[in-house]
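Report on the following structure.
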Amino acid sequence: MSLFAELKRRKVVRVAVVYAATAFAVLQGADIMLPRMGVPDWGMNLVVALIVLGFPIALVLGWALELTPDGLKRTEAIPSETANAAMPALLGKRTVFASALLVVLGLGIGAGWFLRPVSDPGAASAEAPAEALAGESAAQIARERSIAVLPFADMSPNSDQEYFSDGLSEEILNLLAQIRDLKVIGRTSSFAFKGRNEDLRTIGSTLGVAYLLEGSVRKAGDDLRITAQLIQADDGSHLWSQSYDRRLENVFAIQTEIAGAIAEALRVSLVGPEQAAPVAQAAASLPAYDLYLQARRLIQGRTRSGLGAARELLDEALALDPDYAPAQAAAAQVLLLLNNEVWRGYGDIPLDEAVALAQPLLDRALALDPDLAEAHAVQGLLFLMQRDPARAEPALARALALNPGQSDVLHWQAELLGGAGRLREQLAAQRRLAELDPLYVANLATMSGALLASGELAEAQATAVRMQRAFPDNPQGFTREAVVLYASGRLAEAQAAVARALELASKDAFAQRMNAWLYITLGDLERVLSLPDTGLHARALVAKGLDGEAVALARGRAAAAPGDHVTATDLLYTLSQTGRHEEALALYRERWGDLDGIGAGFGGTGVLQLLAPIAAAQHALGRHEALAETLARWGEHLDFLRGQGFASASFLITEARYLALAGERAAALAALAVAIDRGTRNPLLGRDPAFVELHDDPAFQAQVSRMIDLINIERDKLEMGPLPAPVYHSPVIGGAS
């Protein structure tokens, strides 16, 4: 039998025809449906490849198999003499009908697609999700309306007017920041590139802006030449430039002119609803303005010596022009920053005295100019330092309404939220500020702490390392990393980080206190006592068993600073740890009055610093009714803070103390175990009065021993011997009453 006859007998030709018709219909449908289903272009190529590969397979199967009433069976060979009698028709009626139907179906699909009504391209784009388009459009507009003002170069003959060129740049920045449709990067980040020969495109990318403003100032006597250039950040092209040759007395008008020209070039409106065009505030005395600019530059540096010099310059400026409101506000800010509190001061002025000196200056500034944003900002700072959030919040909000781009105010607002325990809002505010002023050191420092409080240890450490890379000579990045490592239980690494901070600034109070905390935790008490006393010598003396000396030292420090919350808290802890519970409660009543007084003085997480020693004293002395009230308030605070996202080891150990004093042994032990897992390290935990009911519990002792073993691992890394076995007792001077 010939090959053609055998193909005909085995119906391979029919298979080929039906396969081709089916393939045609499938290709027509795929060509239409795959793009509408979002399948990439390679999807159609895959369909074609599969059809081509399937064709020989279909032919082979058609040759080898046949469809019978009993199902698929292998096609058997037949004798040649009967072949002609068994020969079927070439195609058959059903094959022709099915193939025709498939071809018509494919043609119908194609015709329907090509003859469909074509919609307008704009209407088609409108079918995309409105939210995505709106978000993309808003993000693009925001980027197109963003600018950083770089510090203007000092081109004066003697190169001695850098403070003036910096001040002029900052004045222009502040004017532009008042334009609501314009995102203006904060001073700290813009000025971070000063003196660095960075490519403008790199600066634009780092700061996340579309435009840069740079320029130069030449000041010779009373003659000024100011040149300003607006540059497209992505390619360095110049969009606008202008030179101004004026007398010094016209410097304020020039600032306003430049801000207006930039707004026009970027097509943003200088005015909005109920908003006047920003205008530079003129000083009556140009020498006073010159001194003000010098002082403001020193204030930005945030050093003790710089702030002291700024205070003197502002005194001179106000002697020349007592009605210059910005100088009044700046003088108040300097006094507040020179307070002697460890965590927020740079000087030696008691906080109460600093407030008393600053408030009249602010009253005068606001009387001269009720809409001076800087004065409202510093007023908010004053209330913040007084731990008065109810008055601080509206003052800071008013300052931001007048000038939304003030990085200091945004930072203080985040501090206010943090002090109130509103951790999630605090982090959101800090992230917004990081976008507006990405190299603002103080914000990065406190954001690292907020991330630590939320249990985000990796991001907290990364933020600290980011500070180190941006500002390698600033100790804060290394101190903040030390705090994160310490809280994680990585004491040896924390010691290396804080040592680097002290190399950079040996007298930095924050680094000194962190260093002392580390050595107390490591159990190196003699080392602590050899360091400058940052309030921790008393704790080291307690650890050495020298309770009387510890109490005397803590009392002396508290008496020397009667309005200082830190020294008062240190004394309360010392009295608690040494078993002087009656004296601890007497201090509590004298210093804070009641639980509401603690809340007013500390707020947020600060309340927890005092509730443990107060409750421990009430428990030791059998003051059951007072203890129940304290525990109720403590539990409310813990619930609130937990809801705000607090999850650090410090929070958990505080929770464990609460549960222990509340009599919930199992829950206290569970919280303690998790706190140790997350990094809590305290060699004196065995004598913590909050855990007095657990001291004889083998489960508690096992947790303390586990923690001592973890501390010894860190001591071994520092080539220190192991700590002695923990002691389990709480001294009590005076019995229950």
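Values as computed for the structure displayed
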{"quantity": "Test result for residue 513, within 30 Å of the chain's Cα centre (by Cα) and modelled with pLDDT under 95", "calculated": "yes"}
{"quantity": "Residue list for region 160-203, filter: part of a loop (DSSP other than H, G, I, E, B) and within 22 Å of residue 225 (Cβ to Cβ)", "calculated": "160, 161, 194, 195"}
{"quantity": "One residue from 480, 424 being more than 21 Å from residue 337 (Cα to Cα) and among the charged types (D, E, K, R)", "calculated": "424"}
{"quantity": "Filtered residue count, region 673-703, keeping only those that are closer than 20 Å to residue 576 by Cα and among the aliphatic types (A, V, I, L, M)", "calculated": "5"}
{"quantity": "Those residues of region 334-380 which are assigned to a helix (DSSP H, G or I) and within 24 Å of residue 511 (Cβ to Cβ), in sequence order", "calculated": "334, 336, 337, 351, 354"}
{"quantity": "All positions within region 494-518 that are outside any loop (DSSP other than H, G, I, E, B) and either closer than 20 Å to residue 567 by Cα or in contact (Cβ under 8 Å) with a residue 60 or more places away in the chain (or both)", "calculated": "495, 509, 510, 511, 512, 513, 514, 515, 516, 517, 518"}
{"quantity": "Answer residue from region 717-733, given it is under 40 Å from the mean Cα position of the chain (by Cα) and in a loop (DSSP other than H, G, I, E, B) and is modelled with the lowest pLDDT among those", "calculated": "726"}
{"quantity": "Single condition residue 545 does not satisfy, out of (1) part of a helix (DSSP H, G or I); (2) more than 30 Å from residue 647 (Cα to Cα); (3) more than 38 Å from the chain's Cα centre (by Cα)", "calculated": "(1)"}
{"quantity": "Neighbours by Cβ (under 6 Å, 6+ apart or cross-chain): first from region 177-193, within 15 Å of residue 443 (Cβ to Cβ); second β-branched (Val, Ile, Thr)", "calculated": "185/209; 190/149"}
{"quantity": "Qualifying residues in region 171-186 (those that are among the charged types (D, E, K, R) and either modelled with pLDDT under 80 or more than 22 Å from the chain's Cα centre (by Cα) (or both)) - the one farthest from residue 401 (Cα to Cα)", "calculated": "171"}
{"quantity": "Residue among 656, 667 that alone is crowded, with 21+ Cβ neighbours inside 10 Å, of a type in the set (A, V, I, L, M, F, W, C), in a helix (DSSP H, G or I) and touching a helix residue (DSSP H, G or I) at 6+ places or on another chain (Cβ under 9 Å)", "calculated": "656"}
{"quantity": "In region 400-436, the residues that are among the small types (Gly, Ala, Ser) and more than 18 Å from residue 184 (Cβ to Cβ)", "calculated": "414, 418, 419, 420, 421, 428"}
{"quantity": "Hits in region 311-330 - residues which are of a type in the set (D, E, K, R) and free of Cβ contacts under 8 Å to residues at least 40 places away in the same chain", "calculated": "311, 312, 315, 316, 321"}
{"quantity": "Cβ-Cβ under 7 Å pairs, at least 6 apart or on other chains, region 551-563 side free of Cβ contacts under 8 Å to residues at least 60 places away in the same chain, far side in a loop (DSSP other than H, G, I, E, B) and among the basic types (Lys, Arg)", "calculated": "551/580"}
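Yes or no, residue by residue, for (1) within 14 Å of residue 176 (Cα to Cα); (2) in the same structural domain as residue 150 (by TED's automatic domain parsing); (3) surrounded by 15 or more Cβ atoms within 10 Å (Cβ to Cβ); (4) modelled with pLDDT of 80 or more:
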| residue | (1), (2), (3), (4) |
| --- | --- |
| 217 | no, yes, yes, yes |
| 227 | no, yes, yes, yes |
| 235 | no, yes, no, yes |
| 245 | no, yes, no, yes |
| 255 | yes, yes, yes, yes |
| 258 | yes, yes, yes, yes |
| 264 | yes, yes, no, no |
| 268 | yes, yes, yes, no |
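The values are calculated or read from the model by the stated rules, or taken from the named source; none is laboratory data. On a predicted model such as this, the values are computed, not experimentally measured, just so you know. Virtual Cβ from ideal backbone geometry, glycine too; neighbours counted across all protein chains shown.
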